[in-house]
Amino acid sequence: MNLKHRGKDKTTDVLSFPQFEADIKDIPEHKNQMPLSLGDIVVNLHQAKRQAIENNTTLYNEIARLLFHGLLHLLGYDHEKNAYQARRMAAAEAKLLEKVIKTKVYP
């Protein structure tokens, strides 16, 4: 999937496919709410399992991290733009994880 959709012939842990091509802030709201579907997130469970072991965490926590990572991409975050954006996205990811898991998963 990574090769087909991103032109990258290597394993990836998560892919996001936005419903809208525009910036999320430019999408008209429906009844004062966000759109019902931001897009799709595909998690590579085999890679998630490997990463859970490497990161000394549970598979559940790793999948949660990957889902949040994918969600942030759908919301317009892009860690590949520059170091600032990478830090911004990592901080948002950590904040979401702490709220859901109630513990720090990564430093």
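Coordinate-derived values only; no laboratory data. Just so it is clear, the structure is predicted and the values come from calculations on it, not from any experiment. Neighbour counts run over all protein chains shown; Cβ positions are idealised from the backbone, glycine included.
For 43, 100, the sequence from fewest to most other C-beta atoms within 10 Å is 100, 43. Close lysine pairs were tallied over region 2-101: pairs 8 or more places apart or on different chains with Cα atoms under 25 Å apart number 12. When the Cα convex hull of region 2-101 is projected onto planes of every orientation, the mean area is 7.5 nm². Peptides 2-11, 88-97, 45-54 ranked from most to least packed by the mean count of surrounding Cβ atoms within 10 Å: 88-97, 45-54, 2-11. For region 45-55, backbone phi angles converted through the Karplus equation (6.51, -1.76, 1.60; θ = phi - 60°) give residue-by-residue couplings of 5, 5, 5, 4, 5, 4, 5, 4, 5, 4, 8 Hz, Gly and Pro being listed as x.
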